[in-house]
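*Asks:* Pasting a structure below so you can have a look.
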Amino acid sequence: MNNVLFLVGQHFVAPAMPDNVLGLSGFVSSLRQGGRGADGEPCELHLGQGISAYDARYLREELQRRGLARRYLVRGDEPHKASRAQVHKHLEKNVLISDLSALGDCRFRARLRVDDDNELLLDHASGWHVPGMVILEAMRQMAMASVVASGALESLGPDCGFMIQSWNTRFLSFLVPLDSQLECSLLPLGAPRGRRLEFRGDIAVMQCERISAEASLEFAALEKRALESVEERHARSALRQFPQPAAVD
């Protein structure tokens, strides 16, 4: 099967797209208008960024309903997105990593999965690529999910938070909105300090086995009460720098 089409969400549709890349809505519209009949050559459909699990089910149902499921073979499994506890996101559409797996001792891999209504796509219009802010947030989520999956936080209990201490990033090439992966290597930094653990995460974002961006994050994991105490102390210190109301006689 030589014919391959890549489908992306509408936020990734741009004039400069290659001919074999289509927006999901445009592709389904052409099906409904009869432009892609059952008598054409077989074709593989690869789902890129902006296609959620809900979108993928919709596509498969549309093909089945129109008798086109034999002609169009949808590639790719339904993603298993990281949990709220792993990435600290309340809405699934804002979770950017899926299918997290361990590669070895303190090494993890996940797939990048960007929903079309992700919060970081709502006001981005500068070309056919995954925005840098999406990549940075995916790196943050990858670091957090990896340390949770490693089991290193069990001593802190179920409620803990994260505090980023440093972050260095290099962007090496544009990331096109197709299948991509992230890898993270974790390194504990020093001995535990009370209810506080510190780590470094070295993260690479890859496409077709080539690194598109890489980062090194140093961060602390703290018991929730300890994190709230640090946050309150810093907030009070900051507030003292602002002008105070004058005393009223």
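The values are calculated or read from the model by the stated rules, or taken from the named source; none is laboratory data. None of these values were measured; they are calculated from a predicted model. Virtual Cβ from ideal backbone geometry, glycine too; neighbours counted across all protein chains shown. Surface areas here come from the heavy atoms of the whole protein model, side chains and all, with no ligands, DNA or RNA. Shrake-Rupley method; radii C 1.70, N 1.55, O 1.52, S 1.80 Å.
*Asks:* From the list Leu73, Leu45, pick out the single residue that is touching a residue at least 60 places away in the same chain (Cβ under 8 Å) and out of contact with any Gly (no Cβ under 8 Å at 6 or more places or on another chain).
*Replies:* On the way: Leu45 fails: touching a residue at least 60 places away in the same chain (Cβ under 8 Å).
So the residue among Leu73, Leu45 that is touching a residue at least 60 places away in the same chain (Cβ under 8 Å) and out of contact with any Gly (no Cβ under 8 Å at 6 or more places or on another chain) is Leu73.
Conditions (1) exposed (fewer than 14 other Cβ atoms within 10 Å of the Cβ); (2) touching a residue at least 60 places away in the same chain (Cβ under 8 Å); (3) under 13 Å from the mean Cα position of the chain (by Cα), marked per residue:
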position	(1), (2), (3)
Asn20	yes, no, no
Gly23	no, no, no
Leu59	no, no, no
Gly67	yes, no, no
Pro79	no, no, yes
Ala82	no, yes, yes
Val95	no, no, yes
Asp105	yes, no, no
Leu112	no, yes, yes
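*Asks:* Quickly run through segment 167-205 and pick out the residues that are open to solvent by less than 40 Å² (accessible area, probe 1.4 Å) and of a type in the set (Gly, Ala, Ser).
*Replies:* Ser180, Gly201, Ala204
*Asks:* Is at least one residue of segment 142-161 part of a helix (DSSP H, G or I), closer than 23 Å to Leu7 by Cα and either among the hydrophobic types (A, V, I, L, M, F, W, C) or open to solvent by 40 Å² or more (accessible area, probe 1.4 Å) (or both)? Full working, then the answer.
*Replies:* First pass over segment 142-161, keeping only residues part of a helix (DSSP H, G or I): 142-149, 154-156.
In the following step, the residues that additionally are closer than 23 Å to Leu7 by Cα were identified as none.
No: segment 142-161 contains no residue that is part of a helix (DSSP H, G or I), closer than 23 Å to Leu7 by Cα and either among the hydrophobic types (A, V, I, L, M, F, W, C) or open to solvent by 40 Å² or more (accessible area, probe 1.4 Å) (or both).
Conditions (1) closer than 30 Å to Asp116 by Cα; (2) in contact with a Leu (Cβ under 9 Å, 6 or more places away or on another chain), marked per residue:
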{"residue": "Ser146", "(1), (2)": "yes, yes"}
{"residue": "Gly151", "(1), (2)": "no, no"}
{"residue": "Leu156", "(1), (2)": "no, yes"}
{"residue": "Phe162", "(1), (2)": "yes, yes"}
{"residue": "Glu198", "(1), (2)": "no, yes"}
